[in-house]
Amino acid sequence: MRQIVLDTETTGINPKLGNRVIEIGCVELVNRKLTGNNFHRYINPDRDSEEGALAVHGLTTEFLSDKPRFHEIVEELREYIRGAEVIIHNAPFDLGFLNHEFKMLNLPSFDEHIGGVIDTLVQAKELRPGKRNSLDALCDHYGISNAHRKLHGALLDAELLADVYLAMTRGQNSLGMDIEVEEVATGVDLANVALAEILVVRATDEEAAAHEDLLNGLDKAVKGTCVWRAVPA
C-alpha cells in the first residue's frame, strides 16, 4: 500500500482570488513505513503573498523569485502521486489549490491522479470530539516533538503529519504485535489470564447522528463510499 502525506503553502487562502501554491511537500509511506522517497518543491507564484499568509510561512517574494513555476514541476508531481492514497490535514484546502493549479494548465484534476484521500482532520475530530485538532495540538497529544517548527513549511508539516497519522492509526495493525511482545517479555500464558467483564456502552441517538454526519463527510472527501461503510455492521 503506497500512501503520500502531503502539505502545501500558498500565497493566501482562496485560489479563486488569484492565490497560488508556493510550496509542496510530500512524504511517502509504503505499508505504513517511511521510505525517504520524499517530494519537495518551492514554486514561483509570480505574485506577492498576502500579509497573513506570509506571517505563517515566511516565504518572501524575493526568495521565490528564482524558483520554477508550477507548470515546470507539474509532470514530476503527477508522476510522484499517481495512484497513491493521499493523506492531508484539512484536505479541502490543499485539494482546492491543487485542482485549481491543474485546471489552469488544462490537466485532469489532481483528484483524478490519485487513488483516494484521507483527511486526518476529519479522523481527529472523530477520535477527539470537541478538542483542538490542529497539527500542533495533535503533535502535543501524541507526544511528537515539533519544537523545531518556528514557521509552517510544507515538507516539515508533511513529516509531522506522517508521524501523527501513524500514531492515530497504529491500533489498526499493532494489536497482534503488542501481544507477542508481552508474551516474550513476561513469559505469561495469555490463555490462562482471566479477562475482565466487557462493558458495552451504546451510542446515544445524538452520537449516532453525529457519526452519520462524519461518514457523509468522508464519502464526500473520497468521492464515493468510505471504507467505514464497507465494513459489515
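A few notes on this one:
- For Lys125, the aspartates and glutamates whose Cα comes closer than 15 Å to its Cα, not counting residues fewer than 8 places off in the same chain, are Asp136, Glu207, Glu212, Asp213.
- Stokes-Einstein diffusion coefficient of segment 1-157, Kirkwood radius over Cα pairs, 25 °C, 0.890 mPa s, in µm²/s: 151
- Segment 1-105, accessible area per residue, ligands and nucleic acids excluded (1.4 Å, Å²): 47
- Among beta bridges from DSSP that stay inside segment 1-117, the antiparallel ones total about 75%.
- Semi-axes of the equivalent ellipsoid of segment 1-91 are 26, 14, 12 Å, computed as sqrt(5λ) over the eigenvalues of the C-alpha gyration tensor in descending order.
- Spatial offset of segment 1-44 relative to segment 78-135 amounts to 9 Å, using the alpha carbon center of each.
- In Å², nearest 10: area of Ser65 left accessible to a 1.4 Å probe: 70
- For the pair Glu76 and Glu50 in one chain, pulling the backbone fully straight at 0.36 nm per residue adds 6.6 nm over the alpha carbon distance.
The values are calculated or read from the model by the stated rules, or taken from the named source; none is laboratory data. Since the structure is predicted, the reported quantities are computational estimates derived from the model, not experimental observations. The protein model used for the area step is the full one, side chains on, heavy atoms only, and it has no ligands, DNA or RNA in it. Shrake-Rupley method; radii C 1.70, N 1.55, O 1.52, S 1.80 Å.
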